[in-house]
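Please treat every number below as a calculation from the coordinates, not as lab data. Since we're looking at a predicted model, the values are computed, not measured. Reconstructed Cβ throughout: ideal geometry from the backbone, glycine too, with neighbour counts over all protein chains shown.
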Amino acid sequence: MTQRKVALVTGASSGIGNAIARSLHRNGVQVYAGARRVSRMNDLDDLGITTLALDVTDPASVEHVVDRIVGETGRVDILVNNAGYGLMGALEDVPMDQAQAQFDVNLFGAARLIQSVLPMMRQQHSGRIINITSVDGKIAQPLASWYVASKFALEGLSDALRLELFPLGIDTVVIEPGAIQSEWADIATNHLRETSAVGAL
C-alpha cells in the first residue's frame, strides 16, 4: 500500500491557505494546517484535517510543529509557505520596526519552515516546497514598498533554492496570486490608513 503524502500548510485560517489545505485533503494528502488563529480553523477540523497553533516568527513554535509532524508520520512531503500579510503605506511613513516585522513573516518565516523541514526531505530524497509569493513579487506598486520588497525577496530566495535543492530530489515552486476574494485586502487597507498620511486624503 502506498503511504499517504504529508503536507504542512501555513496561514491556513483563511483565504488561500485554507483553500489549499482543503484541496490537498480532498486529494488524499494527510494535511497539517497551521496558523496563529487556531479557532478560525474549525472548518478544517470538521474535515479531519489536523490544525495546529503556529507562529512562523517564533522558532520554538516552528520547531514544535515540525517535530510533531515528523513524530506522528515520519515524513514531510509538502510544505506550503502561505503565511503572510500586506504592510501598506508610503515608505517615509512606515516605521522600521513594522517593516522588519513584514520581512519576519513574509520572508524569514518561510525560511524558518524551510530550514526545519529540509533535513527530513533530504533523508527522503524527495519533497516539494511551495512558496506563495504574489504578482507584487514581479511588478511593483506604490504605497506597498515593504510588502513588494518582501515578495521580491521571497521570489529570489525561491529561485536560488530551486537550484540548490534540485540535485537532492526536492522541488521548489512559487505561486504568484493576483487579487483574490479574501480578508487580505481589508487588512492591507487598514494598515494603509493607520500608517500613511496618504490614507487620510
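Numbers at a glance
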| item | result |
| --- | --- |
| Segment Y85-R36, extension gain: residue separation times 0.36 nm, minus the distance between their alpha carbons | 16.4 nm |
| Cα→Cβ-extended label distance, 7 Å offset, between Q3 and D46, nm | 3.3 nm |
| Length added when fully stretched, H64-A160, from 0.36 nm per residue minus Cα-Cα | 31.9 nm |
| Lys/Arg +1, Asp/Glu -1 at C-beta; the chain dipole; positive extreme among T172, Q123, G84 | Q123 |
| Label of the coordinate-derived value, log10 I(q)/I(0) by the Debye sum over Cα atoms at q = 0.08, 0.15, 0.16 Å⁻¹, listed as [x] -0.30, -1.01, -1.12; [y] -0.27, -0.91, -1.03; [z] -0.39, -1.07, -1.16 | [y] |
| A101 paired with A179, simple spin-label distance in nm, labels 7 Å along Cα-to-beta-carbon | 2.7 nm |
| Among Q30, P59, A144 the positive-end extreme of the charge dipole of the chain (Cβ point charges) | Q30 |
